[in-house]
Amino acid sequence: MRKNAGFTLIELMVVVAILGILGATAMPLYNTWQQRAYGSEAAIMIKRILDAQVIYFLENDDFFPEADGAQIFIFHNDSPSKQEIADVKNALKILIPVGHFLDFTITNMPGLACMATVSSFQGSYALFKGGVTSITGIVDDTGKIDIQQVY
């Protein structure tokens, strides 16, 4: 009697069904992990920016950028050689990453305060639970830092 080599149709269908179930459960988990990664990066970057602003203020008696109401915008798709990135690196001694789907805004507010915002690209996805798409922090001339998640 000759033995058949290969798989039966039933065996192949079982394998396809198992792969389908694994794929259906993996995608939501992947999206959650991605959200956590971007949210963690946003939280870390806002803290680094505000800590650097405190140090800059202690050295220069003003926040960066030095003109009241001045703003710096760094978008996720900016070139790494953009002048604003170099200005932040030289003044605050931190490197703002580009290409990570996060947009950064640094504002020198009138009255000796500075505000920094890290947001998802055009608010297109949530960084934190509940649909929060950005995180904003304010530091004043006493060094008090207030960080809030914004929807």
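Give the residue from Ala52, Phe63, Asn108 lying farthest towards the positive end of the charge dipole for the stretch 9-150; charges sit on Cβ (+1 for Lys and Arg, -1 for Asp and Glu) and the dipole is referred to the Cα centre.
Going by the charge dipole, the pick is Ala52.
Give me, ordered by chain and number, the residues 5 or more places off Phe128 or on other chains with an amide H under 5 Å from its own placed amide H.
Residues meeting the amide H criterion: none.
Separation between the Gln83 and Arg48 pseudo-spin-labels, each 7 Å from Cα along Cα→Cβ, expressed in nm?
With each label point 7 Å from Cα toward Cβ, the separation is 2.4 nm.
Sorted from largest down, give the three principal axis spans of the alpha carbons of the stretch 97-151, whole angstrom values.
The Cα atoms of the stretch 97-151 stretch 33, 24, 16 Å along their principal axes.
Under 8 Å for C-alpha pairs, at least 6 residues apart: give me the relative contact order for the chain, rounded to a whole percent.
Result for the chain is 21 percent.
At Gln148 and Asn4, where each label point lies 7 Å from the Cα along Cα→Cβ, what is the point-to-point distance in nanometres?
6.9 nm
Tilt of helix 9-60 relative to the longest C-alpha principal axis of the chain, in degrees (0 to 90, nearest 10)?
Approximately 10 degrees, to the nearest ten.
Who wins for biggest fluctuation among Leu19, Leu58, Leu92 in a Gaussian network model of the chain, springs between alpha carbons below 10 Å?
With Cα springs under 10 Å in the chain, the top fluctuation among Leu19, Leu58, Leu92 is at Leu19.
Read-outs: derived from the displayed coordinates by stated rules, not from any lab. In this text the structure is predicted, and so the values were computed from the model without any measurement. Because the Cβ atoms are built from the backbone with ideal geometry, glycine has one as well, and the counts that use them run over all protein chains shown.
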